[in-house]
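The values are calculated or read from the model by the stated rules, or taken from the named source; none is laboratory data. None of these values were measured; they are calculated from a predicted model. With ideal geometry, Cβ positions are generated from the backbone for all residues, glycine too; neighbour counts draw on all protein chains shown.
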Amino acid sequence: MAKRRLVPPREERLDNLLMNHSMIFMGMFEEDLTALADRMVYATASSKRSGTSASKDAKDEVAPESRALISEIFSGIREEASSQRTRDPRAFKRYVLGPALDKGLQIVESYDFGRPKLTERLSDDVLASYVFLLLSGDKELGRMFKEIDGWKAGLPEPPWAG
């Protein structure tokens, strides 16, 4: 029997979506993260040109350094994004009661990028993979982000934002 994934409650999925979207957006403007993306693209292109895959030694040398950098960057981004949110769970719960927020969930669920969705609690590595995909010019992810941006623009301002 196939394992069924538990879908988090609506409120949690919305919280994840709003937080992940903000973090990915902020990550797009982090110089260290964009430099890392450039290095990864260069390494991939170089290995393709030579007809080989990236060597295990190179992966071992770069991966721990990259992971540490990604973790450091997203730790700061997470702290900044969290500081802009309400600390009152009841205020958030009241804010997400409206049906207008369901559109954001529908947008995310209509796309598949071969990684966990923005409605899930994402690791730093997965968040970085979304940033790298956007920076690489992925049209489908760009389209989804434009849809999410349009959806968010039509939402009422959260009471804690002012």
Of the residues in the stretch 71-106 that are more than 17 Å from S129 (Cα to Cα) and β-branched (V, I, T), the one that is modelled with the lowest pLDDT is T86
Whichever residue in the stretch 112-143 is polar (S, T, N, Q) and at pLDDT below 95 and, among such residues, is farthest from I77 (Cα to Cα): S136
Kindly establish whether L155 is in a loop (DSSP other than H, G, I, E, B), out of contact with any Asp or Glu (no Cβ under 7 Å at 6 or more places or on another chain), aliphatic (A, V, I, L, M) and more than 14 Å from R10 (Cα to Cα). yes
Might you check whether a residue that is modelled with pLDDT under 90, of a type in the set (A, V, I, L, M, F, W, C) and surrounded by 11 or more Cβ atoms within 10 Å (Cβ to Cβ) occurs anywhere in the stretch 23-34? yes
Could you say which residue among E147, E120 is part of a loop (DSSP other than H, G, I, E, B), under 17 Å from the mean Cα position of the chain (by Cα) and not hydroxyl-bearing (S, T, Y)? E120
Restricting attention to the stretch 78-96, report how many residues are out of contact with any Phe, Trp or Tyr (no Cβ under 9 Å at 6 or more places or on another chain) and over 15 Å from L17 (Cα atoms). 6
Hey, does the stretch 100-117 have a residue that's surrounded by 15 or more Cβ atoms within 10 Å (Cβ to Cβ), of a type in the set (S, T, N, Q) and either on the phi < 0 side of the Ramachandran plot or not in a helix (DSSP H, G or I) (or both)? no
Going by the structure shown, is E109 modelled with pLDDT of 85 or more, over 16 Å from S129 (Cα atoms), charged (D, E, K, R) and out of contact with any Phe, Trp or Tyr (no Cβ under 6 Å at 6 or more places or on another chain)? yes
